[in-house]
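J.: Structure provided below as structure tokens; questions to follow.
The values are calculated or read from the model by the stated rules, or taken from the named source; none is laboratory data. From a predicted model like this one, the values you see are computed outputs, not experimental measurements. Quick reminder, even Gly has a Cβ in these numbers, built from the backbone with ideal geometry, and neighbours come from all protein chains shown.
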Amino acid sequence: MNRKKVLILLLAAIFIGLFFWFDLGRFLTLESLKQHRDYLVNLYRDHRIATVAIFLAIYIMQTALALPGAAILSLAAGAVFGVVMGTVYANIGATIGATLSFLVARYLFHDTIHGKFGPRLEKINKELDNAGFNYLLFLRLVPLFPFFLINLAAGLTKIPLRTFFFGTMIGIIPGGFVFCNAGASLATINSVGEIISPRVLGSFALLGLFALIPVVYRKLRGAKKPTG
């Protein structure tokens, strides 16, 4: 591994270490958000551009480094910026952060993984060439796997950057809206877990299945073609 890659890993480790060393996670809790909501709202009222810029920087770093607190940040976006703009800002932060994570994983490990497992990954890469956007939408809509694992795993495939970016941006809109909408009514929330009800999860799953319809149709159509 060359020096640039080692430096990137070292910087990431330092930032993650500082986060836990200074216990910054204590600020990313529901209790802390409720306690400081009025202060944040006033800060946004007096310094709109700076507040949005700081929020985006925090959200991007949190997502890129896979730090805890994404749900609280989305709630904060709804509580401070309102449902619509909160969803927009949370989406921007999460998408850029995920893309950075994707690019770092691709730069650091893509060649090594493909050097060792290239032939085994050809089938996966071929499938992603045909329907990578649909699969990514499904994974973003249906919370089966941790968000950061999808970022890292996608970086190890040959899925195009543009596909990853727009698939992520579109796929996280429903979830972001749900949390920002809940954040707009922050006083009524007692725990983060109560935001995602079975009904909401079912709706996400249904949306995810819709995203796979073109893939299923293409496979069925291919299976019906005469083999010659």
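J.: Starting from region 1-28, keep only residues that are within 17 Å of HIS110 (Cα to Cα), then list their pairs with residues that are at pLDDT below 95 and in a loop (DSSP other than H, G, I, E, B) whose Cβ atoms are within a distance under 9 Å, requiring at least 6 positions of separation or different chains.
T.: Here the result reads LEU9/MET1, each pair linking region 1-28 to a residue that is at pLDDT below 95 and in a loop (DSSP other than H, G, I, E, B).
J.: How many residues does region 21-30 hold that are in a helix (DSSP H, G or I) and either closer than 19 Å to THR87 by Cα or at pLDDT 95 or above (or both)?
T.: Counting residues in region 21-30 that are in a helix (DSSP H, G or I) and either closer than 19 Å to THR87 by Cα or at pLDDT 95 or above (or both) gives 2.
J.: Name the one entry in LEU128, LEU137, LEU108 that is touching a residue at least 40 places away in the same chain (Cβ under 8 Å), over 30 Å from ALA77 (Cα atoms) and surrounded by 19 or more Cβ atoms within 10 Å (Cβ to Cβ).
T.: LEU108
J.: Show the residue pairs that are 6+ apart or on different chains and have beta-carbon atoms under 6 Å apart, the first residue being within region 66-85 and over 16 Å from SER191 (Cα atoms), the second being assigned to a helix (DSSP H, G or I) and among the aromatic types (Phe, Trp, Tyr).
T.: Taking only residues 6 or more apart or on different chains, the pairs are ALA66/PHE148; LEU67/PHE19; ALA77/TYR89; VAL80/TYR44; PHE81/TYR89.
J.: Which number in (1) within 19 Å of the chain's Cα centre (by Cα); (2) crowded, with 19+ Cβ neighbours inside 10 Å; (3) of a type outside the set (D, E, K, R); (4) part of a helix (DSSP H, G or I) marks the one condition that THR157 misses?
T.: Result: THR157 passes all but (4).
J.: Could I ask something else about it? Of everything in region 174-197, what is in contact with a Leu (Cβ under 9 Å, 6 or more places away or on another chain) and closer than 17 Å to GLY93 by Cα? Give them in sequence order.
T.: Those that are in contact with a Leu (Cβ under 9 Å, 6 or more places away or on another chain) and closer than 17 Å to GLY93 by Cα: PRO174, GLY175, PHE179, CYS180, GLY183.
J.: Quick test of your reading of the structure: ILE124 fulfils all but one of (1) within 23 Å of ILE49 (Cα to Cα); (2) among the aliphatic types (A, V, I, L, M); (3) at pLDDT below 90. Name the failing condition by number.
T.: (1)
J.: Across region 196-228, which residue is modelled with the highest pLDDT among those that are small (Gly, Ala, Ser), more than 13 Å from LEU144 (Cα to Cα) and surrounded by 11 or more Cβ atoms within 10 Å (Cβ to Cβ)?
T.: So, considering only residues that are small (Gly, Ala, Ser), more than 13 Å from LEU144 (Cα to Cα) and surrounded by 11 or more Cβ atoms within 10 Å (Cβ to Cβ), the one modelled with the highest pLDDT is ALA211.
J.: Among the residues of region 98-127, write down those that are within 30 Å of TYR59 (Cβ to Cβ) and of a type in the set (Phe, Trp, Tyr).
T.: Once the filter is applied, which keeps residues that are within 30 Å of TYR59 (Cβ to Cβ) and of a type in the set (Phe, Trp, Tyr), region 98-127 yields PHE102, TYR107, PHE109.
J.: Also, quick follow-up: Yes or no: region 123-134 includes at least one residue that is under 18 Å from PHE177 (Cα atoms) and either touching a helix residue (DSSP H, G or I) at 6+ places or on another chain (Cβ under 6 Å) or outside any helix (DSSP H, G or I) (or both).
T.: There is no residue in region 123-134 that is under 18 Å from PHE177 (Cα atoms) and either touching a helix residue (DSSP H, G or I) at 6+ places or on another chain (Cβ under 6 Å) or outside any helix (DSSP H, G or I) (or both).
J.: In addition: Does THR51 satisfy the criteria of being of a type in the set (Ser, Thr, Tyr), free of Cβ contacts under 8 Å to residues at least 24 places away in the same chain, in a helix (DSSP H, G or I) and over 18 Å from GLY171 (Cβ atoms)?
T.: no
J.: When the residues of region 168-195 are filtered to those that are of a type in the set (A, V, I, L, M) and within 25 Å of ALA153 (Cα to Cα), which remaining residue is surrounded by the most Cβ atoms within 10 Å (Cβ to Cβ)?
T.: Checked region 168-195; the qualifying residue surrounded by the most Cβ atoms within 10 Å (Cβ to Cβ) is ILE172.
J.: For ILE54, are the conditions met, namely being at pLDDT 95 or above, farther than 22 Å from PHE19 by Cα and surrounded by fewer than 17 Cβ atoms within 10 Å (Cβ to Cβ)?
T.: It is false that ILE54 is at pLDDT 95 or above, farther than 22 Å from PHE19 by Cα and surrounded by fewer than 17 Cβ atoms within 10 Å (Cβ to Cβ).
J.: Which is farther than 27 Å from LEU161 by Cα, in a helix (DSSP H, G or I) and under 22 Å from the mean Cα position of the chain (by Cα), of ALA105, ALA76, ALA57?
T.: Result: ALA76 is the single residue among ALA105, ALA76, ALA57 that is farther than 27 Å from LEU161 by Cα, in a helix (DSSP H, G or I) and under 22 Å from the mean Cα position of the chain (by Cα).
J.: Scan region 193-207 and report the pairs whose first residue is assigned to a helix (DSSP H, G or I) and whose second residue is modelled with pLDDT under 85, with Cβ atoms within less than 8 Å and a gap of 6+ or a chain change.
T.: Between residues of region 193-207 that are assigned to a helix (DSSP H, G or I) and residues that are modelled with pLDDT under 85, the close pairs are LEU201/PRO143; PHE204/PRO143.
J.: In region 140-154, how many are more than 24 Å from THR112 (Cβ to Cβ) and surrounded by fewer than 18 Cβ atoms within 10 Å (Cβ to Cβ)?
T.: Counting residues in region 140-154 that are more than 24 Å from THR112 (Cβ to Cβ) and surrounded by fewer than 18 Cβ atoms within 10 Å (Cβ to Cβ) gives 2.
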